[in-house]
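Some notes on the structure that comes next.
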Amino acid sequence: MVNLDKEVQYIKGVGPNRVTLLNKLGIYNLKDLITYFPRVYEDRGKVKKINELIDGEEALICAFPIGRMNEVHIRKNLALYKLVVRDETGTCFITWYNQPYLKKQFQQGTKYKFYGKVNFKYGKIEMQSPVYELEDSQKNTGKIIPIYPLTYKLSQNTIRKIIENGLVEVEGKLEETLPQYMLEKYHLYDLNTAIKQIHFPENFEKFNLARKRLVFEELLSMQLALLSLKNKYEIKAEGITFSKEAKMSDVIDVLPFKLTRAQLRVLEEIDKDMESMKPMNRLLQGDVGSGKTVVALIAAYKAVKSGYQATIMVPTAILATQHLESFREILKNLGIRCELLISGISKKKKEDILQQLANGEIDILIGTHAILEENVIFKNLGLVVTDEQHRFGVRQRSIVTEKGKNPDVLVMTATPIPRTLALILYGDLDISIIDELPPNRKKIETYAVTKQMEERVNAFVAKNINEGRQCYIVCPLVEENEEINAKSVTELSEFYKHQIFKNYRVEYLHGKMRPREKDAIMEEFKNGNIDILISTTVIEVGVNVPNANMMIIENAERFGLAQLHQLRGRVGRGEYQSYCILKYQGNSEVIRERMKVISSTNDGFVISEKDLELRGTGEFFGTRQHGLPEFKIANLFEDVEMLKQVQEIAIEIINQDPLLEQKEHQTLRKLVDEKFKNRIEI
């Protein structure tokens, strides 16, 4: 069999110079290379006559140059190269930018093929920067051409050639990953055929069959892993049965606000779980600001009053500190001791906390990843809550549960996932949804604007600050990056501090700063000592500053809809009317559609469905989201029917063979182990 771990550097056409560029794409070895699938395909197989061309389409023509190429210098560093070509039906005007070598490429009387986007302008048919080659060449035209997601300085031709070389090495040698009976029963391509046809399909029918096979495998391995994980929880010794005498109503009655019907319904489900013998394993979904934290607090109260400890694990020190304050405020008169464990605390303080935790003197421990450390030992851990589940992998969740004897687990997320997909993606969890926001919450007014509106936006920010409010400005990068035309936090901060908002107090915050430094700035902002906070998405999770009523997002087109919605949820937390202004660049249909969606609704579930539809699942359900490997080819929006079919197949397999031990399932066992190692223990 072929060595799929062979480093990509040693594939023909790569070498030491290109290896760094491939690494940026996540391609490190031969396996990564052959599973780096195209993003779209261009059908460059069918030649069209010039008089058949349609405005806006991408098309292939075959034509002769008329006369010489014309060179026009527009300004310094911008030259146009124009060529007129014709076939027996008409004429086409072709333009390239800054490519002087083209002057020697075309001979009169020789026929060439041109593939590109067609534009009708002022009665003329035009093409800009098309792909071209001689009429009898088949290198870049005359067939279906794969288009790959690329990084700076790596061309489509280069990556295609490298992948072609990789496919030559593996041709006919890939070990089958699905059982033979499955290939026959579901009419699936074998792996070797599927890999070849997904990259360089002979026709679209073969492409569809190749994709079907690879999507089937990807979804099946995920489902088998999740069901195995659920199985593992269920065959464990019985869980904790929390006391019926520890009543959630005791803490609900002392809250300074009324719970919504949705919160009460979810608490009923959690109460029932906690009082049963089976360990609770529940996902709590709730939109930004729906009140998940108070649900966690009430569940923790029940655990403590039943004689156990509880822990709340959150992704940032800022959020952990904020939770501690609200927990202490509500629970101080109920005899419950809460403590904070984050990496920024002193060594002495940490030692004291660890000792008190082991002795059972601390009832509820709130903290960050610091809770995962080996020396964090509970006397009697009964409830584990992880907040913002997409920041913690499944494996991290299992590390903290191992600190107790089958504790109940509550996983919380503000990333709304359509229910059908949540049931399938979080196959190891039961699901509760808070689908109602607290009353009297004002809608956050959202506007998407282009650069022309910049002065008006700045004036609007100044007006609100003069009225005593505060503002977040979020941008995607920490430092300048030559590959991406987006302002960095530090550059933007300098610009706003010394030019636009020099009369106001401006500070910045990003993930590369030391935890203490970040916490200090966030504290200053919370206390009203900073007017404008310029930040990366580090403020996306849970920060609560009621006086901040403006969220300005730079380069909004670079964020997913779900993330824009999450960021928007940082404002609208006080009594003031709040605003979210999305500054975007680019005029593509997808960008316009995304801006329209986020501006027109505050419903996280509507937004998440649209996010899936527009972006696919690569980013939306990537490893960051749930601890599972990123989908390389499946798209949960497009492939939801296959997902349902595959889930039924996976359930049938696990019911018959829970540990995938039967001979016919050995390949599946290996597939699941390979894809999910270090992520899920099964």
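Each value in this text was obtained by applying a stated rule to the coordinates, not by laboratory testing. All of these numbers come straight from a predicted model, not from anything done at the bench. All Cβ positions, even for glycine, are placed from backbone atoms using ideal geometry, and neighbour counts span all protein chains on display.
Placing pseudo-labels 7 Å out from each Cα toward the beta carbon at E361 and L134 gives an inter-label distance of 8.6 nm.
So what's the net charge close to P179: Lys and Arg +1, Asp and Glu -1, counting the other residues with Cβ under 15 Å from its Cβ? Neighbourhood net charge equals -4. Computed FRET efficiency, Cβ-Cβ of K244 and D352, R0 30 Å: what is it to the nearest 0.05? Efficiency for this residue pair is about 0.30. Residues K443, K526, K278, K292 in ascending order of nearby Cβ atoms (within 10 Å, fewest first): K443, K278, K526, K292.
Annotation: amide H-H contacts under 5 Å for S535 (H modelled 1.01 Å from N, sequence separation of 5 or more, or interchain): I473, V474, C475, L509. Of the residues L381, L188, L255, the one with the fewest other Cβ atoms within 10 Å heads the list, and the complete ranking is L255, L188, L381. Hand me the trypsin sites (Lys or Arg not before Pro) from the range 92-182 located in a DSSP loop with no more than 14 other Cβ atoms within 10 Å, in residue order please. Loop-located and lightly packed - K111, K139, K153, K173.
Indicate the gyration tensor shape class of the range 62-129 (rounded, prolate or oblate), computed on the Cα atoms with a ≥ b ≥ c the square roots of the eigenvalues: a/c under 1.5 is rounded; otherwise a/b larger than b/c is prolate and the rest oblate. Oblate. Between E88 and N529, the modelled label-to-label distance comes to 8.2 nm, taking each label 7 Å out from Cα in the direction of the beta carbon. The magnitude of the dipole of the chain, with charges of +1 and -1 set on the Cβ of Lys/Arg and Asp/Glu and taken from the Cα centre, is near 1720 debye. Inter-label distance, V590 to L264: 4.5 nm, where each label sits 7 Å from its Cα along the C-beta direction. Coupling constants for the range 352-360 follow from the phi torsions by the Karplus curve (6.51 cos²θ - 1.76 cosθ + 1.60, θ = phi - 60°), and in residue order they are 4, 4, 4, 5, 5, 5, 5, 7, x Hz; glycine and proline get x.
The GluC sites (Glu not before Pro) of the range 36-116 that meet both conditions, a loop assignment by DSSP and at most 12 other Cβ atoms within 10 Å of the site Cβ, are E57, E88. Each Lys or Arg adds one and each Asp or Glu takes one away; over the other residues whose Cβ falls under 14 Å from the Cβ of I11, this sums to 0. Relative to the dominant Cα principal axis of the chain, helix 640-656 is inclined by about 60°. From least to most packed, judged by other beta carbons within 10 angstrom and beginning with the fewest, C471, C580 follow the order C471, C580. Remark: the Cα gyration tensor places the range 445-601 in the rounded category, a/c being less than 1.5. Computed extension gain for Y10 through E517, at 0.36 nm per residue and net of the alpha carbon distance, reaches 178.1 nm. So if we plug the beta-carbon distance of N23 and E171 into 1/(1 + (r/R0)^6) with R0 = 35 Å, what FRET efficiency do we get, rounded to 0.05? That gives a FRET efficiency of 0.90. Sorted on the mean count of surrounding Cβ atoms within 10 Å across their residues, most packed first, peptides 552-565, 19-32 read 552-565, 19-32. With both residues required to sit in the range 445-601, DSSP beta bridges show an antiparallel share near 0%. As a length-normalised measure over Cα pairs under 8 Å and 6 or more apart, the relative contact order of the chain settles at 12 percent.
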